[in-house]
There are 2 protein chains.
Amino acid sequence: MRGNESRAQAVIIEKCRRLGFSLDIWEIGEEKLLNHPVFCSDRKDFSGNPNVVGVLKGSGGGKSIILNSHIDVVPPGDRNDWKDDPFSGHIEEGKLYGRGATDMKGGTVAMLLALEAIISSGIKLKGDVIFQSVIEEESGGAGTLAAVLRGYKADGAIIPEPTNMKLFTKQQGSMWFRITVKGRSAHGGTRYEGVNAIEKSMAVIKKLEELENKRNKRITDPLYKDIPIPIPINIGKIQSGEWPSSVPDLAVIEGRMGVAPAETLEHTKKEMIASLEELAETDSWFADHPLTIEWFGGKWLPGNLEADHPLISVISESFENVKKSKPVIEASPWGTDGGILSNVGQTPVVVFGPGVTKAAHDVNEYIVLENMFEAAEIIALTLLKWCEVN
Amino acid sequence: MRGNESRAQAVIIEKCRRLGFSLDIWEIGEEKLLNHPVFCSDRKDFSGNPNVVGVLKGSGGGKSIILNSHIDVVPPGDRNDWKDDPFSGHIEEGKLYGRGATDMKGGTVAMLLALEAIISSGIKLKGDVIFQSVIEEESGGAGTLAAVLRGYKADGAIIPEPTNMKLFTKQQGSMWFRITVKGRSAHGGTRYEGVNAIEKSMAVIKKLEELENKRNKRITDPLYKDIPIPIPINIGKIQSGEWPSSVPDLAVIEGRMGVAPAETLEHTKKEMIASLEELAETDSWFADHPLTIEWFGGKWLPGNLEADHPLISVISESFENVKKSKPVIEASPWGTDGGILSNVGQTPVVVFGPGVTKAAHDVNEYIVLENMFEAAEIIALTLLKWCEVN
């Protein structure tokens, strides 16, 4: 789990050693990272849970590629909702279950299988393959940023996040927000003398739903045509009140705001602030007790890859070879470390992986093993074409 | 504060000693109390924070009276909203500020002043005066129940809760509830694949508002004519979500439900359950994922005193002597330990005190000192008439 990635990284490191990669294992957290404008993490201590990069050096003359995956996973939620232990790895009817199975161990394993197939076949690539297993994707990409700042860039990158075998060439950015809502406490028996921060929060949440609606109506990019809410605003947490029979005087709402590929984080922030300021027009409470809006924890830059980039055609071709059909190309409904790789690392990114988006962060998360093997084949073919064979 | 009443009780004990009361100081929590059907507390340990009863034995032949006050107070809420430290006791323009000033140290002091005046005047009463400083009123009345079970009953009782110098002859009962709302988790970027427990909670809260409205329309007792919401349903707490970018799969709402003087707790519970079951009629989510409703922590029995009870006329007469006007007689908008004193202890109760209901549980809680002194005079005159002078 996030904050405790070392045991999972140990498995990755052992696999990389067996495959003969040049290993770079380091604890992130250096000054250059912490002071970078894109750096974003609420984590105080990165020690003991390293980033891992394994390089398969090419013979020269081919294009290089980064294969980027993250090792951290989100918490499992209510354990009673899981059929098995959230970390069981139980396999049933071709699915492997567990937190992180789809987001994104399935993708990580697909990449390692692709590399293992190439290496064990005795094939030598011309371009370098840079395999990355980073921490901190789920809360802002500090692991990938650290890898970029350490000098890892390439002619292209694949991130096998759970796209359900689609190619995501544009990526939604996102950032976390915290809204503090004031009320006025009173005895619950005379609740009409107070102002309930939970009731006021309901107005805030309703306003955010309106804003989400307005923002999504603007999205006309055909890549988003099958996504019900291209840039969602998710209400992830609420906490209010200390005592059942008191009117609560404070509520804290936390969530995640999606950012369109063409938007900047700054523009998106301003739009939310302006929207919430409208609350004061119909309810003077908000004029007298303005909301506090903070941007904390995670933020993910959006990503954009031009439609005719050769990386897209190489992956598409490999896909057709394996699947005998054209891949679906879409824009991702969520942010990935691709925003950092492309914006900070100037590395063109396609997100493509075997997991199902729906299963990510859900209970009974799973990966369809057949998809994982197919993705491995597609990635292997892509490496042969992109990096070229000696 | 609740759970830490010993220092405040020490002040009370010292005062009682000086007034020459027979003191009874004991830690509650005996089997008889814990197994009583009305017992209600989430507190595991009562040790170190005793109940205090001081008896001024009469010479015989007069009516006895219980003067009941509670020593526990609710938490102070957001300390930044307070002008001074919540426990400062700061006095400004005739008001003394601090958590518990109105609920109900003002009333406690008024009673002790009344007794001090009588004792220092050399007056001997015929009836017994039983002064009680109990713990646990704010969370279910275990302190007063323990006093009743220890044998303290009387011909009448005054509880100087903050009635703003009104006489509350009927008392609203109340109880705490906890509602658990299920959702289905998902990645916030594809939030449409999940079901947000916070959104479902908003539907639950809206339903509770409708129920509150329906229940209060039924209240026609003229004693409640000036109370905007005679039996409120207060939403006191909500907690949901673990992660800003996940759809939360669980929300817990806690609150307090008012019970009319003529209602039973059982009837009221059934009405809430039936009302919340209606949610399933318009949203199948609730049919497939029923709410869990628990009744926990505090419960306060409602109280009823017949309009022609002599205790009312004696207090009213004393009020007129001091204030030169008739007292306002109402029904209380909140529960008190009077429900236990009257229902379990068969002791007729009038709630009458100097504090302002609005200030109770609020920030910058205060007591108007002048009211406290007037209440002391009224209580002193009441004791002379009720217990009679030797």
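Each reported figure results from applying straightforward, stated rules to the coordinates on display, with no laboratory input. Keep in mind that this is a model prediction, so the values were computed, not measured. FYI the Cβ positions are ideal-geometry reconstructions off the backbone, even for glycines, and counts take in every protein chain you see.
Provide A:V349, B:V252 in ascending order of the number of other Cβ atoms located within 10 Å of each residue's Cβ, fewest first.
Values: A:V349 30, B:V252 16.
Listing A:V349, B:V252 from fewest to most nearby Cβ atoms yields B:V252, A:V349.
Output the peptides A:33-40, B:150-157 sorted from most to least packed, where packing is the average of other Cβ atoms within 10 Å over each peptide's residues.
Working: A:33-40: 15.4, B:150-157: 19.4.
My ranking of the peptides, most packed first, is B:150-157, A:33-40.
Explain nothing, just the number: relative contact order of chain B, from Cα pairs under 8 Å at least 6 residues apart, as a whole percent. Mind dumping the intermediate values first?
Numbers: 907 pairs, mean separation 107.8, N = 390.
28 percent.
In terms of the Cα gyration tensor, with a ≥ b ≥ c the square roots of its eigenvalues, is segment B:230-303 rounded because a/c is under 1.5, prolate because a/b exceeds b/c, or oblate?
Numbers: a/c = 3.00, a/b = 1.62, b/c = 1.86.
Note, shape of segment B:230-303 comes out oblate.
Report, as an integer, the average count of C-beta atoms from other chains found within 10 Å of each Cβ along A:76-82. List each step's numbers first, then the result.
Details: counts 2, 11, 8, 0, 1, 6, 0.
Across A:76-82, the average partner-chain Cβ count within 10 Å equals 4.
On a C-alpha basis, how far is the centre of segment B:45-103 from the centre of segment A:8-26 in Å? Whole number, if you could?
66
State which helices in chain B qualify, where a helix is a whole DSSP H run, it must extend 27 Å or more along its own axis by its Cα atoms, and its mean Kyte-Doolittle hydropathy must be at least -1.0. Mind showing how you got there, number by number?
Working: long enough: B:197-217 (30 Å, -0.93).
Within chain B the helices that satisfy the rule are B:197-217.
Test of understanding: extend the Cα→C-beta vector of A:D226 to 7 Å, then name every residue of segment A:308-347 with backbone N under 17 Å from that spot.
A:316-317, A:319-320, A:323-334, by backbone N distance to the label point.
Looking at chain B, what % of its DSSP beta bridges pair antiparallel, to the nearest 5? Write down the numbers at each step before the final one.
Numbers: 46 of 61 bridges.
Bridges in chain B that DSSP calls antiparallel: roughly 75 percent.
Around B:S332, under 10 Å between beta carbons, what's the net of Lys plus Arg minus Asp minus Glu among the other residues? Show your work: numbers first, answer last.
Details: positive: B:K166, B:K170; negative: B:E161, B:E330.
Overall, the nearby charge balance is 0.
With each label point set 7 Å from Cα along the Cα-Cβ vector, what nm distance links A:W26 and B:E370?
Taking the two extended label points, one gets 7.4 nm.
Only Cα pairs within less than 10 Å get springs; with that Gaussian network setup on chain B, which residue of B:T220, B:T180, B:T282 has the largest fluctuation?
Result for chain B, Cα springs under 10 Å: B:T282 fluctuates most.
Once you sort the root eigenvalues of the Cα gyration tensor of segment A:1-127 as a ≥ b ≥ c, which label holds: rounded (a/c under 1.5), prolate (a/b larger than b/c) or oblate (the other case)?
Details: a/c = 2.37, a/b = 1.18, b/c = 2.00.
Oblate, since a/c reaches 1.5 and b/c is not below a/b.
Under the convention of a label 7 Å out along Cα→Cβ, give the distances in nm from B:F373 to the same position in every other copy, shortest first.
For B:F373, the inter-copy label distances come out at 9.2 nm.
Applying 1/(1 + (r/R0)^6) with R0 = 30 Å to the Cβ-Cβ distance of A:H267 and B:F87, what FRET efficiency is obtained, to the nearest 0.05?
Details: r = 47 Å, r/R0 = 1.57.
For R0 = 30 Å, the calculated efficiency reads 0.05.
Over 26 Å apart: what share of the alpha carbon pairs of segment A:69-225 falls there, rounded to a whole percent? Show your work: numbers first, answer last.
On the way: 6767 of 12246 pairs.
Roughly 55 percent, once rounded to a whole number.
Starting from the Cα gyration tensor of the protein assembly as shown, take the square roots of the eigenvalues, sort them a ≥ b ≥ c, and report rounded, prolate or oblate (rounded when a/c is under 1.5, otherwise prolate if a/b is larger than b/c, else oblate). Can you show the working numbers first?
Numbers: a/c = 3.02, a/b = 2.84, b/c = 1.06.
Prolate shape, in that a/c is at least 1.5 and a/b is the bigger ratio.
For segment A:174-299, calculate the relative contact order in percent as a whole number, restricting contacts to Cα pairs under 8 Å that are 6 or more residues apart.
Numbers: 213 pairs, mean separation 53.1, N = 126.
This gives 42 percent for segment A:174-299.
Anyone know which of A:P76, A:P244, A:P261 comes out most mobile in the 10 Å Cα GNM of chain A?
Between A:P76, A:P244, A:P261, it is A:P244 that shows the largest mean-square fluctuation.
For chain A, give the magnitude of the charge dipole about the Cα centre (Cβ charges: +1 Lys/Arg, -1 Asp/Glu; no others), in debye to the nearest 20.
Values: 43 positive and 54 negative charges, 134 e Å.
With Lys and Arg at +1 and Asp and Glu at -1, about 640 debye.
In the protein assembly as shown, what % of DSSP beta bridges are antiparallel (nearest 5)?
Of all bridge pairs located within the protein assembly as shown, approximately 75 percent are antiparallel.
Around A:V73, under 11 Å between beta carbons, what's the net of Lys plus Arg minus Asp minus Glu among the other residues?
Values: positive: A:R2, A:R99, A:K105; negative: A:E5, A:D72, A:D103, A:E137, A:E138, A:E365.
Result for the local shell: -3.
By count of other Cβ within 10 Å, fewest leading, how are B:I379, A:I227 ordered?
Working: B:I379 30, A:I227 21.
Neighbour counts put them in this order, fewest first: A:I227, B:I379.
Let me test this: with uniform point scatterers at the alpha carbons of segment A:174-299, what is the Debye-based log₁₀ I(q)/I(0) at q = 0.19 1/Å?
-1.02
Within straight cross-link reach of A:K57, meaning Cα distance under 25 Å, which lysines are found once same-chain residues fewer than 8 apart are removed?
A:K15, A:K105, A:K124, A:K126, A:K153, A:K385
Taking chain B as a Gaussian network, where each spring joins two C-alpha atoms under 10 Å apart, which residue of B:K44, B:K105, B:K299 fluctuates the most?
B:K44
Under the definition of partner shielding as Cβ atoms of other protein chains within 10 Å of a residue Cβ, what is the mean value for peptide B:161-168?
Values: counts 0, 2, 0, 0, 0, 0, 0, 0.
The per-residue average across the peptide is 0.
List the aspartates and glutamates whose alpha-carbon lies under 18 Å from that of B:K217, not counting same-chain residues fewer than 8 positions away?
Reachable aspartates and glutamates: B:E209, B:D226, B:E263, B:E271, B:E330.
State, to one decimal in nm², a quarter of the convex hull surface area for the C-alpha atoms of chain B, i.e. the direction-averaged projected area.
On the way: hull surface 83.2 nm².
If I average the Cα hull's projected area over directions, I get 20.8 nm².
Quick one: net charge of B:G58's neighbours, Cβ under 10 Å, K/R +1, D/E -1? Provide the component values of the computation, followed by the final result.
Working: positive: B:K57, B:K63, B:K124, B:K126; negative: B:D128, B:E388.
After counting each charged neighbour, the total is +2.
Given the rule -39500 (n - 2.57) for each run of at least 4 DSSP H residues, summed and divided by the residues of the protein assembly as shown, what is its mean residue ellipticity at 222 nm, to the nearest 500 deg cm²/dmol?
Numbers: 22 runs with 246 residues, N = 780.
Rounded to the nearest 500, the figure is -9500 deg cm²/dmol.
Which GluC sites (Glu not before Pro) does segment A:36-123 hold that lie in a coil by DSSP with at most 10 other beta carbons within 10 Å?
On the way: sites: A:E92, A:E93, A:E116; in loops: A:E93.
For GluC sites (Glu not before Pro) across segment A:36-123 that sit outside H, G, I, E and B with at most 10 neighbouring Cβ atoms in 10 Å, the list reads A:E93.
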